[in-house]
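> Here you go, one structure.
The values are calculated or read from the model by the stated rules, or taken from the named source; none is laboratory data. All figures in this text were calculated on a predicted structure; none of them were measured in a lab. Here the Cβ is made from the backbone with ideal geometry for all residues, glycine too, and neighbour counts use every protein chain on show. Note: accessible area is taken over every heavy atom of the protein model, side chains too, but ligands, DNA and RNA are not part of it. Shrake-Rupley method; radii C 1.70, N 1.55, O 1.52, S 1.80 Å.
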Amino acid sequence: MKIAIRIALLVCAMSAALLGGTVPTVATAGPGQACNLGFMPIKPTVGVGSIIGNAWADCNPAPRQRTFTLSLERYDAGSWWLLQQGTDTGIPNPRRVYEIKTKCTAGLWRISAHAVGSIGGTSFDFGDSSMERFICAADCARGN
């Protein structure tokens with residue numbers, strides 16, 4: 001029984017990692033210097049009349065400069081289209097959480113995050129996208 005539970009937990013952990021939401025993206029600027037970003041929850045959520053994207057960032061040590069951009073994108077006609085974007089230049093040390101919202105519209109959505117800056121004289125530039133979520137008109141009406 002213990003083996004079956006361990007295998008099930010391992011499969012769930014591997015699936016989550018492969019889907020790109022629970023394992024943070026890491027930019028390394030030098031030995032012992034890194035910035036991480038991740039999504040929590042791991043895909044867009046729906047509020048009453050809005051689509052919400054959340055991400056977090058953490059740098060150790062604090063970067064000298066940094067710009068963090070959070071976006072909500074919808075897939076249409078074979079491409080991802082930017083529908084809402086916000087930028088923050090605050091230093092994420094300790095960890096900072098970000099949120100972005102846009103009007104709820106049916107479609108396939110994802111959250112994108114991008115960070116640019118420097119730690120200890122070394123530049124970094126990295127980004128990631130969340131898991132995708134299909135949102136239908138009924139989701140927008142219910143807000144879930």
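> Of the residues that sit in the stretch 48-63 and are open to solvent by 10 Å² or more (accessible area, probe 1.4 Å), closer than 19 Å to Ala141 by Cα and out of contact with any Cys (no Cβ under 6 Å at 6 or more places or on another chain), which one is modelled with the lowest pLDDT?
Taking the candidates together, the pick is Val48.
> Kindly indicate whether any position in the stretch 39-56 is among the polar types (S, T, N, Q) and not in a strand (DSSP E or B).
Checked against the condition, which is being among the polar types (S, T, N, Q) and not in a strand (DSSP E or B), the stretch 39-56 yields no hits at all.
> Looking only at residues in the stretch 88-104 that are of a type in the set (S, T, N, Q) and surrounded by 14 or more Cβ atoms within 10 Å (Cβ to Cβ), which one is farthest from Cys140 (Cα to Cα)?
Only one residue fits best here, namely Asn93.
> All but one of (1) under 14 Å from Ile51 (Cα atoms); (2) part of a strand (DSSP E or B) hold for Ala138, so report the exception by its number.
(2)
> Hey, among the residues in the stretch 105-122 that are within 14 Å of Lys43 (Cα to Cα) and buried (at least 23 other Cβ atoms within 10 Å of the Cβ), which one's modelled with the lowest pLDDT?
Here the residue is Ala113.
> Select from the stretch 104-139 the residues that are touching a Gly at 6+ places or on another chain (Cβ under 7 Å) and over 22 Å from Ala57 (Cα atoms) and list them in ascending order.
If the condition is that a residue be touching a Gly at 6+ places or on another chain (Cβ under 7 Å) and over 22 Å from Ala57 (Cα atoms), then Cys104, Ile135 are the ones that fit.
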